C-alpha cells in the first residue's frame with residue numbers, strides 16, 4: 001500500500017482499488033458518519049471527532065454538518081478559526097490546506113482528485129490527485145468549486161458559484177466560470193461592506 005500512498009500524494013496516475021486502502025477509507029468514513037449524526041448541542045463531541053478525522057485542525061474551527069469527504073478529512077489541514085457552512089465537500093484523496101480565518105460558504109467543493117481525459121484510462125479506473133492550497137482570511141462564496149492543483153492567495157474573495165480552475169492571487173475579488181480576477185481589494189472596501197452600505201462602527 002505504500003506505493004499507492006506515494007502515488008496518491010505525488011500526482012501520478014494510480015488505481016485506487018487497493019484492498020487495504022479501501023479498508024482505511026471505510027474507517028475514515030465511519031468517523032465522518034458519526035460526526036454528521038451529532039446533535040447541534042454536542043459541540044465538544046464534534047471537536048473531538050474533528051481532531052481524530054483531520055490531518056490538522058486548529059483552534060476555533062467550526063464545520064456545519066453535513067460534511068462530505070472521500071477520506072473523512074484525513075488529508076485536510078485547517079488552520080485556526082476556519083468556518084465551513086453546510087455541505088462542504090472535500091475530495092481529500094490528497095492534501096487540502098486552508099489557512100487561518102478563512103470562511104467557506106454552503107455547498108462548496110474542494111476537489112483534489114481528477115481522472116485522465118483519455119477514455120481508455122478512465123474505463124480502467126485510473127485517478128490522479130493534486131493538492132489544493134487556500135490562503136489565510138479568504139472567503140469562498142456559496143457553491144464555489146475548486147479543482148485539483150489550485151492555489152488561492154491570502155485575503156481573497158471568491159464569488160458565489162465560481163469554478164476555480166487556475167491559481168488566484170492574494171488580495172483580490174474573483175468570480176465566474178472559469179473564475180477570473182475582477183478587481184483588487186482596495187480603499188473603498190474599508191468604507192463600504194455591501195454596495196452603498198457603510199461599515200461605520202464595525203471597524
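The values are calculated or read from the model by the stated rules, or taken from the named source; none is laboratory data. As the structure is a prediction and not an experimental result, all values here were calculated from the model. Cβ placement follows ideal geometry from the backbone for every residue including glycine, while neighbour counts extend to all protein chains displayed.
Pick out, from the stretch 102-202, the strands (runs of 3 or more DSSP E) lying fully within it that include 1 or more residues that are at pLDDT below 95 and more than 27 Å from residue 8 (Cβ to Cβ). If you could, list the steps in order and put the result at the bottom.
On the way: elements: 109-111, 132-134, 172-175, 180-184, 192-194.
Those strands (runs of 3 or more DSSP E) span 192-194.
Going through 77, 68 one at a time, which residue ends up being surrounded by fewer than 19 Cβ atoms within 10 Å (Cβ to Cβ), touching a strand residue (DSSP E or B) at 6+ places or on another chain (Cβ under 7 Å) and within 23 Å of residue 99 (Cβ to Cβ)? Please lay out each step first, then the result.
Details: 77 fails: surrounded by fewer than 19 Cβ atoms within 10 Å (Cβ to Cβ).
None of the others qualify; the one that does is 68.
Out of the stretch 25-41, which residues are surrounded by 12 or more Cβ atoms within 10 Å (Cβ to Cβ) and more than 21 Å from the chain's Cα centre (by Cα)?
Matches in the stretch 25-41: 38 only.
Output the residues belonging to the stretch 88-106 that are more than 11 Å from the chain's Cα centre (by Cα), within 27 Å of residue 128 (Cα to Cα) and surrounded by fewer than 20 Cβ atoms within 10 Å (Cβ to Cβ).
106
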